[in-house]
1. Once amide H atoms are built 1.01 Å from N in the peptide plane, which residues 5 or more positions from B:GLU226, or in another chain, come under 5 Å H to H?
2. Which trypsin sites (Lys or Arg not before Pro) does region B:167-254 hold that lie in a coil by DSSP with at most 15 other beta carbons within 10 Å?
3. Check B:GLU145: other-chain or 5+ apart residues with amide H under 5 Å from its amide H, H built from backbone geometry?
4. Give me log10 I(q)/I(0) at q = 0.30, 0.33 Å⁻¹ for region B:208-249, Debye formula, one equal scatterer per alpha-carbon, no solvent.
5. Please give the helix A:58-80 orientation as an angle from the longest Cα principal axis of chain A, in degrees from 0 to 90, rounded to the nearest 10.
6. Starting from the Cα coordinates of region B:55-122, work out the convex hull volume and express it per residue in Å³.
7. Three principal axis extents, largest first, for the C-alpha atoms of chain A, in Å?
8. Let me check something: with ligands and nucleic acids excluded, how do B:THR92, A:THR178 order by accessible area (1.4 Å probe), largest to smallest?
Amino acid sequence: MTAYVLHLAILAGIYIILTVSINLIIGYAGQVSLGHAAFYGIGAYASALVSLHWHFPFPAAALTAMLVAGLCGLALGLPTLRLKEDYLAIVTLGFGVIVDLVFLNLEFTGGPDGLPGIPPPSFWGIDFRPPWLYLILVVVTVILVLIFTYRLVDSYHGRALRAIRDHEITAQVMGINTPAYKVVVFTLAAALAGLAGSLYAHYITFINPETFGLHTSILILAMVVLGGMGSIAGSVLGAVILTILPEMLRQAHAYQELIYGGLLMLLLIWRPEGLLGRGKLSLKFLKRES
Amino acid sequence: MLEVNGLSKSFGGVQALTDVSFAVAAGEIVGLIGPNGAGKTTCFNLINGLLPPSAGEIRLGSTEMVGLPPYRRARLGLARTFQNIQLFGGMTVLENVLTGYHLHQQVGVFAALLPLPMVSRARAENRRLALEFLELVGLGGKEDEPAEALAYGDQRRLEIARALAQQPQFLLMDEPAAGLNPRETEDLMALMEKLLPLGITLLVIEHDMTLVMGLCHRIVVLDHGEVIAAGAPRDIRRDPRVIEAYLGREEDEP
């Protein structure tokens, strides 16, 4: 039982990083991304590959994951972030599908079999194989990520991002370099998702494309929407709830998905701005500008 | 200060502006008037860089601005208020003004993320300045209200405060008196007069003739995308082409 709770706590931590990162794109900068799991996967594969082939220690592998995922985010963001909401949604959706197919078909990613035998982290003389030690590693990483994002959204950069979300043209006219901000935040979010991927790969020690498909992108999105866009505390809450809730519904067997979906819908009808979101603006990107 | 030279803009087959030229000297309030659809807001959008011109030059000071993105023009000291108020609705009144201060952050891009004393000092200083601007436009004490919750007239003032926080040399105001009652318009005129001593030159689109005639040093009249008259208010009032553009030509009696 304790092992199971530890397992859920570790997964929740990884989802917190994913949710907080996509919240920067959606909740703060007001852009859409339906392919965030692709960066999660890119990070996981990058980290696994450099550990397996070149025996990178975990910290170096995690940094590689962030770098590779971040670069992919930059490469996707540069040409596409001038697109408006609906189009950006489709492009990121397509990106997610393509990346998933790439994992599935490439030789060195192991195809549908994935990559087994990823070494668990062991550095600074500590072997992180026991789950409670791994949980500490995840918690420390989550805290660092939270401190970073809090400081970011609390700084004048955060205000610039919210200005872009509320009124992009006005933000430009006021001297905010909106294209640069959008690309940078997209890159940062991709890098953080890559970090989450690295934590996942070295915890489970086996990855395959299934984990990083569209359903994961949607799950992360649901976590942000549930917790409240534009609220970091909301992202944490959303990630924790949606990690635990499906497990609690396990006794309901066949009805699990049904109850899960129903609860989500009820919550969004009751509180469309999410649990900790502020104001009605949080769902703005789903509406058309009138 | 601002020099517009041979500015033209066409949208497909529609010629919105044709060979528009005028200049605004430092310290002036110039009115840009004309019937609806004359091309006034298009002219602003070209000056701002929100649209590329089909031809022509726009110079602020000695800098040619055509080709520069809007945020670079803002750095040259150009600010703007909008015809339909464009506040950042998800922010408080104070945050809106602080956003105007974005250009003048003394703290570096990365330093802003660190818990340094200089960061908190800069924050306190920005806050103090922002409160001053709010005081100036008459919104003192409302800094923590959500911007969306303000009354219409107050939203207009907030937009001006936010533009002032950019500390511009040149301010474009697109129908600042639209939707205001006569009292509020009077307050607005008093406020606009306070801007000149701050070293801000104004170009104002406005339909309210009390404001235009009472405040503007010079007036440029657009009709069908062309400048049909320019000069002092009393001359413009009597200009037959202006009267014709606004009222139409009198048919000769048969």
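1. Those qualifying (amide H under 5 Å, at least 5 residues apart or on another chain) are B:THR18.
2. B:ARG249
3. Under 5 Å from the amide H of B:GLU145: B:VAL93, B:LEU94.
4. Debye intensities relative to I(0), on a log10 scale: -1.14, -1.23.
5. Helix A:58-80 sits at roughly 30 degrees to that axis.
6. Spread over its residues, the Cα hull of region B:55-122 gives 144 Å³ apiece.
7. 53, 43, 35
8. Largest to smallest exposure gives the sequence B:THR92, A:THR178.
The values are calculated or read from the model by the stated rules, or taken from the named source; none is laboratory data. Model, not experiment: these values are computed from the prediction. As a convention, Cβ positions derive from the backbone with ideal geometry for all residues, glycine included, and neighbour counts pool all protein chains shown. For the accessible areas, the whole protein counts, side chains as well, though only heavy atoms, and no ligand, DNA or RNA atoms are used. Shrake-Rupley method; radii C 1.70, N 1.55, O 1.52, S 1.80 Å.
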